[in-house]
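Working notes for the structure below.
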Amino acid sequence: VTRDVATSAGDARSFRFTLAVRFTVTMAAAVVAMSVGILLAMKNRLDQELDASILAVASIQAASVTDAPSGAMHFHEWELTPDEAASVRELIRYAQVWSEDGMSLLRSQFMTSDLPLDRDALAEAGGGRLVWAEAEYEGNPVRALYYPLERLGAAHRRHVLQVAAPLRARNRMIEQMLVFFTGISILVVVGTWFGSWWLAGRVVRPVHEIIDQAEEIGVGSLDRRISAYADMSEYQRLVQVLNTMLDRIRQAFDAQRRFTADASHELRSPLTAMWGELEVALRREREPAEYRAALESTLEEVQRLSHITEDLLTLARSDAGALTPSPEPTDIAEIVRRTVDRLRARAEGKGVSLAADADDGVVTHVDPHLLSQVVWNLTDNAVKFTPPGGCVRVGVHARAGRDPTRIEVSDTGPGLGPEPRRVFERFYRHDQARSRAPDASGTGLGLAIVAAIAATLGARVEARNLPERGACFAVILPDVGAANE
Ligand SMILES: Nc1ncnc2c1ncn2[C@@H]1O[C@H](COP(=O)(O)OP(=O)(O)O)[C@@H](O)[C@H]1O
Ligand SMILES: [Mg+2]
């Protein structure tokens with residue numbers, strides 16, 4: 001069993017793959033955005049804290065730089081050896097006092113060299129402003145503040161205090177966070193990919209199982225139904241739709257099978273009859289009258305065969321959609337009258353009264369040949385099934401307004417039985433014995449043809465039993481006549 005149905009269509013995209021990709025991309029974007037946001041906020045916070053500490057140190061040192069009674073400048077600092085200074089080097093703050101022209105006046109006692117001096121920053125600070133700068137001191141990055149001592153009084157002239165803090169700890173922290181968030185992002189992306197791939201697989205698995213089951217249903221097993229996931233709300237409808245489609249296919253198949261069997265049977269009976277009659281006739285020499293009788297009876301069978309074949313062909317054309325109407329303005333009353341005239345002799349011979357009740361001038365846009373066939377089949381049936389003494393009426397009604405044209409054929413015959421609609425089935429004969437009555441050349445296809453023609457004309461045919469006795473067929477033509485007026 002192949003699970004890879006999606007790729008069997010060549011360049012069809014895989015739903016599973018698409019889903020997994022979209023999910024992963026979304027997750028990755030979210031995680032990266034979050035990481036960047038957190039990193040930026042952290043960096044901001046670290047910088048703020050560092051600056052605050054530098055500023056605090058600067059203001060303390062600036063206040064104390066000249067408070068010695070001797071007036072000599074010195075910093076208030078721990079007495080740190082360079083070794084000790086190295087051991088706390090990340091928390092340490094370097095301080096140095098510069099004269100206006102860049103001469104070092106004083107620096108922290110543990111420093112072995114001058115802080116890097118930015119002349120522009122010095123000049124600006126000399127002008128009385130706090131200036132921030134970044135530089136390198138002894139190979140390490142530092143952040144420095146130029147603090148104008150002028151703030152403390154004119155005695156300091158334009159001397160500037162520079163306080164610097166190593167950036168190593170802050171940089172290392174940011175680097176670690178970066179590594180951490182990159183790792184988390186990779187983990188999340190990989191995890192999301194596998195997770196969503198697995199989840200999407202589970203989501204599409206029912207579809208594959210339904211497909212597998214559907215694939216196993218063939219012509220020979222049209223009774224089988226799809227049972228997979230029929231109880232899961234998301235797939236219930238899909239399974240239902242497939243199953244009802246299978247129902248329809250099976251019904252159509254059964255109908256077709258029955259039709260073929262019935263047709264073969266109908267064709268075989270006259271052939272068997274002819275075979276027998278011809279064999280008997282040929283068994284010995286006969287009088288001309290006997291040959292004549294044999295030929296006449298075979299002619300009847302040939303006529304019957306020809307009728308059936310004709311009917312079958314009409315139905316086959318209709319099934320194939322080849323029964324195309326060519327509509328033209330048609331006088332319905334005219335068609336009804338002509339049909340009645342053709343059947344009058346037969347009706348009278350049988351003692352059935354036949355009457356047409358047609359409003360004149362009912363002209364509709366319809367195929368006259370197909371419509372005559374419908375009227376003929378209905379009236380022929382009515383005459384055929386009505387016993388002597390009964391009557392058949394064919395009426396045409398085009399009632400006022402937009403009511404569609406309606407042709408009604410009613411009789412006083414035996415009626416259509418408990419299920420009137422069944423008469424439209426192919427080869428349906430309500431009562432085998434009756435339809436084989438002497439004038440019944442019926443094949444059981446006449447009304448099936450009526451239904452097929454009506455469908456191509458866009459018309460509706462109704463069949464019902466009349467309250468007292470007899471049947472009534474109504475053909476309701478589509479509403480084109482009214483639209484044309
Ligand atoms: N007017 C009618 N009155 C009673 N039964 C009818 C009438 N029309 C049709 N039927 C029933 O419907 C069956 C099918 O009719 P149809 O398709 O025309 O076949 P056929 O005329 O060849 O028997 C008939 O055999 C008959 O049993
Ligand atoms: Mg008939």
Right, L105: under 23 Å from A52 (Cα atoms) and surrounded by 11 or more Cβ atoms within 10 Å (Cβ to Cβ) or not?
-> no
Has segment 137-149 got at least one residue that is at pLDDT 90 or above and open to solvent by 60 Å² or more (accessible area, probe 1.4 Å)?
-> no
Residue check: is L299 in contact with a Ser or Thr (Cβ under 8 Å, 6 or more places away or on another chain) and either in a helix (DSSP H, G or I) or closer than 30 Å to A230 by Cα (or both)?
-> no
Out of Q256, Q236, sole residue that is polar (S, T, N, Q) and farther than 30 Å from I308 by Cα | Q236
Looking at segment 355-363, is at least one residue over 21 Å from A451 (Cβ atoms), open to solvent by 50 Å² or more (accessible area, probe 1.4 Å) and within 16 Å of ligand 2 (Cβ to nearest atom)?
-> no
Test each condition in (1) part of a loop (DSSP other than H, G, I, E, B); (2) touching a His at 6+ places or on another chain (Cβ under 9 Å) for L106 and report the one that comes out false.
-> (1)
Taking the options D319, D311, name whichever one is out of contact with any Ser or Thr (no Cβ under 7 Å at 6 or more places or on another chain) and either closer than 30 Å to A355 by Cβ or charged (D, E, K, R) (or both).
-> D319
Residue check: is L271 open to solvent by less than 70 Å² (accessible area, probe 1.4 Å) and touching a residue at least 24 places away in the same chain (Cβ under 8 Å)?
-> no
Hits in segment 339-365 - residues which are touching a Leu at 6+ places or on another chain (Cβ under 6 Å) and within 21 Å of D479 (Cα to Cα) = T364
Search result, residues across segment 274-296 that are open to solvent by 80 Å² or more (accessible area, probe 1.4 Å) and in a helix (DSSP H, G or I) = W275, E279, L282, P288, R292, L295, E296
Determine if segment 320-329 includes at least one residue that is out of contact with any Leu (no Cβ under 6 Å at 6 or more places or on another chain) and part of a helix (DSSP H, G or I).
-> no
Looking across segment 334-354 at residues that are touching a residue at least 60 places away in the same chain (Cβ under 8 Å) and surrounded by fewer than 21 Cβ atoms within 10 Å (Cβ to Cβ), the single one that is nearest to ligand 2 (Cβ to nearest atom) is R346
Looking at segment 155-168, which of its residues are assigned to a helix (DSSP H, G or I) and open to solvent by 40 Å² or more (accessible area, probe 1.4 Å)?
-> A155, R168
Exactly one of A62, A52 is modelled with pLDDT of 75 or more, surrounded by fewer than 16 Cβ atoms within 10 Å (Cβ to Cβ), closer than 21 Å to L130 by Cβ and hydrophobic (A, V, I, L, M, F, W, C), and that one is A52
For segment 432-444, what are the residues that are more than 6 Å from ligand 1 (Cβ to nearest atom), part of a loop (DSSP other than H, G, I, E, B) and either open to solvent by less than 60 Å² (accessible area, probe 1.4 Å) or at pLDDT below 50 (or both)?
-> R436, A437, P438, D439, A440
Please specify each residue of segment 364-406 satisfying the condition of being assigned to a strand (DSSP E or B), surrounded by fewer than 21 Cβ atoms within 10 Å (Cβ to Cβ) and touching a Pro at 6+ places or on another chain (Cβ under 6 Å).
-> H365
Looking at (1) part of a helix (DSSP H, G or I); (2) of a type in the set (A, V, I, L, M, F, W, C); (3) open to solvent by less than 40 Å² (accessible area, probe 1.4 Å); (4) without any contact (Cβ under 8 Å) to a residue 24 or more places away in the chain, which is the only condition A200 fails?
-> (4)
Taking segment 230-244, which residues are open to solvent by less than 80 Å² (accessible area, probe 1.4 Å) and under 23 Å from V219 (Cα atoms)?
-> A230, L238, V239, V241, L242, N243, T244
Filter segment 203-229 for residues that are open to solvent by less than 50 Å² (accessible area, probe 1.4 Å) and more than 22 Å from R248 (Cα to Cα) and give the result.
-> V204, P206, H208
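The values are calculated or read from the model by the stated rules, or taken from the named source; none is laboratory data. Here the structure is a predicted model, which is why all the values come from computation and not from measurement. In this analysis, Cβ positions are derived from the backbone assuming ideal geometry, glycine residues included, and neighbour counts consider all displayed protein chains. Just the protein is used for accessible areas: all its heavy atoms, side chains included, with ligands, DNA and RNA removed. Shrake-Rupley method; radii C 1.70, N 1.55, O 1.52, S 1.80 Å.
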